[in-house]
Amino acid sequence: MSTSRVPICLNNRVLRHHGAVAGSTGSGKSNLNSNIVRGAINMDYCVFLFDHKPDFQDLEKPNNETKLFNYQEWVPEGFDCNINYFSLSDDGSSKANIKEKLINVHASSFEPYQLATALFHKRGEELQQENMTLLLTAYKDEQEERNKFTWALADAVDWIRKLKKEQMPNVLGGGSITDSSKASMLRKLQVRKMPWMDRKLINQEEQLPGLSIPKKNLAPETNVRALIQSKTINVIRVGQTQGRDYGLFLSFLLDRVYSAKASQSELAPVLYLIDEAQDIFSGSKQLREACEDMLDSNMRKGRSLNIAFWYGLQKFSALPESITINLNSRIVMTHKQTSEALNALPGVSKETLSLVTELKPGEALVSLFGSNSIVKAKMHPSKALLTKE
């Protein structure tokens, strides 16, 4: 590490060629991710920041750990930009920002196979997944024939429940399903509902006849296009959401952002900072492959539209090869296993590789796009306050 302090800069070229930050708990990943977001905001990006622990619920406040700041030009400072807080979870976390809003996506915004893959994601559920794809496809087709393009998963489930046994062969392409198998599928659907999907809006003015209970209508879907604004951070708290939820919502977000950027080139550049990225690939083989294909496609196509992807995770090896091949910048923080650094930094010398277990919190081995060497560097602490446990 140079004693003369040579800064490592994150410019637009480095940012939009994608990267990843890997390191064990306590390595300083969250501080570094906050600094990456700050660099993007300084370059007029719109950032979608996925927040797990959570770490990023107080970004408008300055970091209160003043003892970490040793340089006059780097001082605690909250983000001076537009910050929106959203959540995929309705867990009522005390750590959530008070301005947090709940994400809402309609089931009808997904292809039937996407819903079926996320809902029946466990080993041994391949047949149920296949049948659910056919059932949802039939339901979607019937709704579109009636010019109804917005519907909730509960509507589809109710339609499936009412299907008679003799109707099944037409829906399942000549196949059949027993009453017990159908009941099993419906039970699983009840407990696997996603809190961010098909939220209901209570309409006090529209009462159900003869009842005091107000009618609940499907709430409007989150308008992703409206969120793509320059110098804006959209923090999305993942909460207790599982990997299947994470991956499914991500597919919706990526699709909407890409469509908006492709049709309106003047929109702000976009950075996705996907924290705890390994969770996306924690489901079944089919779900992992679907997420992998989705991200691979968006990373390749998105670069020309100024859409950047950066991942935060504990182990670089948790990312599929089709994703890592698109990552042109790799930052490895302290880790107990040198093999993790070798996965992230192929061709690294044995001397440099041995440093990974000796790194202190905030130190990293850095390989940035366009650089010819791997360097050991020390990061600045986050200027903004990180949410504490």
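The angle between the Cα long axis of helix 285-302 and the main principal axis of the chain comes to about 60°, on a 0 to 90 degree scale.
In summary, the aspartates and glutamates within cross-link reach of residue 61, defined as a Cα separation below 14 angstrom excluding same-chain residues under 8 places away, comprise 77, 80.
Among beta bridges identified by DSSP and lying wholly in the chain, the antiparallel ones come to about 30 percent. Helix 243-263 axis versus longest C-alpha principal axis of the chain: approximately 80°, rounded to the nearest ten.
With Cα atoms defining each centre, region 39-114 and region 130-150 are spaced 36 Å apart in the structure. For region 364-370, 3J(HN,Hα) computed residue by residue from phi via the Karplus equation (6.51, -1.76, 1.60; θ = phi - 60°) reads 7, 8, 10, 10, 9, 4, x Hz, glycine and proline entered as x.
In this structure the amide hydrogen of residue 385, modeled in the peptide plane, comes within under 5 Å of the amide hydrogens of 61, 63, none closer than 5 places in sequence on its chain. Between 349, 322, 367, the Gaussian network model of the chain with springs among Cα atoms under 10 angstrom shows the greatest mean-square fluctuation at 349.
In this structure the amide hydrogen of residue 82, modeled in the peptide plane, comes within under 5 Å of the amide hydrogens of 233, none closer than 5 places in sequence on its chain.
Expressed per residue, the C-alpha convex hull volume of the chain stands at 171 Å³.
Helix 29-42 versus the longest principal axis of the chain: what is the Cα-based angle in degrees, 0 to 90, to the nearest 10? Here the helix axis deviates by roughly 90 degrees.
For the options 19, 173, 78, a Gaussian network treatment of the chain with springs between C-alpha atoms closer than 10 Å singles out 173 as fluctuating the most. Among 28, 247, 174, the largest mean-square fluctuation in a Gaussian network model of the chain (Cα springs under 10 Å) belongs to 174.
For residue 378, a cut-off of 18 angstrom between C-alpha atoms picks up these lysines, skipping any fewer than 8 places away in its own chain: 29, 67, 360. Cross-link reach is defined here as a Cα-Cα straight distance under 21 Å, omitting same-chain residues fewer than 8 places apart; for residue 162 the lysines meeting it are 140, 148, 182, 188, 193. Here the mean projected area of the convex hull built on the C-alpha positions of region 225-294 is 5.0 nm².
Computed from phi, the 3J(HN,Hα) profile of region 11-19 under the Karplus parametrisation 6.51, -1.76, 1.60 (θ = phi - 60°) reads 9, 4, 4, 5, 4, 7, 9, 6, x Hz, with x in place of Gly and Pro. Computed from backbone phi with θ = phi - 60° and the Karplus coefficients 6.51, -1.76 and 1.60, the 3J(HN,Hα) list for region 164-181 is 8, 4, 6, 8, 4, x, 5, 6, 9, x, x, x, 9, 8, 6, 4, 5, 5 Hz; x is used for glycine and proline. Per-residue ellipticity at 222 nm from helix content only, as computed over the chain with -39500 (n - 2.57) for each DSSP H run of at least four residues, stands at -10000 deg cm²/dmol. Close amide H contacts of residue 236 (hydrogens built in the peptide plane, cut-off under 5 Å, sequence separation of 5 or more or a different chain): 49, 50, 51, 86.
No value in this document is a laboratory result; all are computed from the given coordinates. The shown structure was predicted, so the numbers you read here are calculated from the model rather than taken from an experiment.
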